[in-house]
1. I need the full set of residues from the range 239-261 which are of a type in the set (Val, Ile, Thr) and farther than 24 Å from VAL126 by Cβ, in order please.
2. Please indicate, with yes or no, whether at least one residue in the range 254-264 is open to solvent by less than 70 Å² (accessible area, probe 1.4 Å), free of Cβ contacts under 8 Å to residues at least 24 places away in the same chain and within 21 Å of PRO282 (Cα to Cα).
3. Which one of the conditions (1) open to solvent by less than 10 Å² (accessible area, probe 1.4 Å); (2) assigned to a helix (DSSP H, G or I); (3) closer than 24 Å to LYS101 by Cα; (4) small (Gly, Ala, Ser) does SER61 fail to meet, given that it meets all the rest?
4. Residue by residue through the range 158-172, note down the ones that are more than 28 Å from PRO185 (Cβ to Cβ) and in a loop (DSSP other than H, G, I, E, B).
5. Mind checking which residues of the range 262-316 are closer than 22 Å to SER127 by Cβ and either in a helix (DSSP H, G or I) or more than 25 Å from the chain's Cα centre (by Cα) (or both)?
6. Show the residue pairs that are 6+ apart or on different chains and have beta-carbon atoms under 6 Å apart, the first residue being within the range 214-225 and within 17 Å of ALA154 (Cβ to Cβ), the second being among the polar types (S, T, N, Q) and at pLDDT 90 or above.
7. Which ones in the range 32-56 are among the aliphatic types (A, V, I, L, M) and within 15 Å of LEU199 (Cα to Cα)?
8. Out of curiosity, is VAL235 of a type in the set (Val, Ile, Thr), out of contact with any Ser or Thr (no Cβ under 8 Å at 6 or more places or on another chain) and within 30 Å of HIS266 (Cα to Cα)?
Amino acid sequence: MSRYARQMILSEVGEDGQARLAAAHVLVIGAGGLAAPALPLLAGAGVARITIVDGDQVELSNLHRQTLFTELDQRQAKAEVAAARCRAINSEIDVVSVIGKLTPSNAPKLLQGVTLVMDCADSYAVSYTLSDLCFARNIPLITASALGLSGYVAGVCGGAPSLRAIFPEAPQNAASCATAGVMGPVVAMMGAMQAQMALASLMGQTPSPLGQMVQFDAKTLRSAPFRFEGAPEPVQAFAFVAPETLAPSDTIVELRSSEEAPTPAHPDALRIAPDQLKDHLPAAEGRLALCCATGLRAWRAAEQTHEIWPGEIVLVAASAS
């Protein structure tokens, strides 16, 4: 019996759907909790090529939700361990690991030849960087986030509106899994749903998962799906850029204090606290680059200053991965 017989029985898959998977290249950004269920499901389904990008190593605190790893994997690169697990599931596919962070500089190269992207990084900067690039290149992007007892999954770009169309303003919650906590099953459910949406998109199933969001609340065990095909793209958008792309003509501002970040994101950066930005910005034209750790403070600061700054405003997330 064929390896894929159980899914090929489905009329939604069949030989044509399986052939589409056998020709697909999926780029997965992040090999943590969201990727833990998603990667084995993609490998098992027969996606021909999977590229896994992650710059972290396995830690003990990961294991309650990142079930792709074991205690023996500690201090090993997540991307390499995850790739090995996928190869063990399906030796017929090609799995490539990339150890490192996704940045605005290397993202365009990583997207070359990719059929679909899965955003499993759970990072503001990464999600919006991927959305901007995928939207411009018409590449489907399946993005997700999980925090505490809730999460969401969305299929954006690839002909559907971008992530910015759903969330055009800076998120108000700066919490992360490290600061606010998260339940393993919530992350796993979001990751598994990402895999289902990715496979459905690759096989061209209808209705398309692109243009669809599903929100889930584990406290009430309720989900809320909705479609957003008609969502307009925002007029004002602040792009994330890499520190090495900043030019001498840019006005660069480090929003973190010297205690928080002894080394600024860029050596030419001025240190100005977010609440003092409007009063202490130098009189200049050209591009304004706002720097912080995750990009969230920079985004909020950009929303507050774009009316008084004459040129373009870009964001730098020093710790995005």
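The values are calculated or read from the model by the stated rules, or taken from the named source; none is laboratory data. Predicted model, so just to flag it, every value in this text is computed and none were measured. Cβ sites come from the backbone with ideal geometry, for glycine too, and all protein chains shown count toward neighbours. Quick note on the areas: whole protein, heavy atoms, side chains included, nothing else; ligands and nucleic acids left out. Shrake-Rupley method; radii C 1.70, N 1.55, O 1.52, S 1.80 Å.
1. Residues of the range 239-261 that are of a type in the set (Val, Ile, Thr), as a first pass: 241, 245, 251-253.
Listed by number, the list holds a single entry, THR251.
2. If we filter the range 254-264 for residues that are open to solvent by less than 70 Å² (accessible area, probe 1.4 Å), which is where we start, we get 254-258, 261, 264.
Adding the requirement that they be free of Cβ contacts under 8 Å to residues at least 24 places away in the same chain leaves 257-258.
Next cut, within 21 Å of PRO282 (Cα to Cα) only: 257-258.
Looking through the range 254-264, at least one residue is open to solvent by less than 70 Å² (accessible area, probe 1.4 Å), free of Cβ contacts under 8 Å to residues at least 24 places away in the same chain and within 21 Å of PRO282 (Cα to Cα).
3. Answer for SER61: the failing condition is (1).
4. Across the range 158-172, the qualifying residues are GLY159, PRO161, SER162, PRO168, GLU169, ALA170.
5. Let us first name the residues in the range 262-316 that are closer than 22 Å to SER127 by Cβ, namely 265, 274, 289-304, 306, 312-316.
Hits for the range 262-316 are PRO274, LEU296, ARG297, ALA298, TRP299, ARG300, ALA301, ALA302, GLU303, GLN304, HIS306.
6. VAL214/SER223; PHE216/SER223; ALA224/GLN215
7. Residues of the range 32-56 among the aliphatic types (A, V, I, L, M): 34-36, 38-39, 41-43, 45, 47-48, 50, 52-53.
Residues satisfying the conditions are ALA35, ALA38, LEU39, LEU41, LEU42, ALA43, ALA45, VAL47, ALA48, ILE50.
8. Details: of a type in the set (Val, Ile, Thr): yes; out of contact with any Ser or Thr (no Cβ under 8 Å at 6 or more places or on another chain): yes; within 30 Å of HIS266 (Cα to Cα): yes.
So VAL235 fits the description; yes.
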